[in-house]
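Working notes, structure below.
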Amino acid sequence: MAFLYPLYQQPATVLFGLLLVTLWTLLWNGWGLWTAAQQKQKGWFIAILLLNTLGLLPIIYLIWFRKRTRTTEATWVRVTGSEKNSLKKSPKRKKAAE
């Protein structure tokens, strides 16, 4: 108990440390839970929700186990006059009456 004595003398430092750990955990858990919910991964959602690992489990999930989405790059193409006519939108068709 003697090693805890300096902590009793500086409660503001202890509270600041607890605040940092709490924010760290909330941010990582929130991001991990949001990602698991968006990707419909119930097992990961429940594990992150129930296990308090100070943000380590969400970090592991976000780095290695989440489903990756491919980003598509936009390609710009110059359209000439004759091609513009073929790009015009066709008139919308009305749905058949049921």
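Under 5 Å between amide hydrogens, built in the peptide plane, is the criterion, and for L54 it picks out nothing among residues at least 5 positions away or on other chains. Here the Karplus relation 6.51 cos²θ - 1.76 cosθ + 1.60, evaluated at θ = phi - 60°, turns the backbone of region 51-62 into coupling constants of 9, 9, 10, 6, x, 6, 5, x, 5, 4, 4, 5 Hz, with x for every Gly and Pro. Using a simple spin-label model with pseudo-atoms 7 Å out from Cα toward Cβ, T13 and T53 lie 3.1 nm apart.
Which order do W24, W44, W31 fall in if you start with the one that has the fewest other Cβ atoms within 10 Å? Before the final figure, lay out the partial values.
Working: W24 12, W44 22, W31 16.
The order, fewest Cβ neighbours first, is W24, W31, W44.
Coordinate-derived values only; no laboratory data. All values derive from a computational prediction rather than experimental measurement. Every residue, glycine as well, gets a Cβ built from its backbone with ideal geometry; the counts of neighbours run over all protein chains shown.
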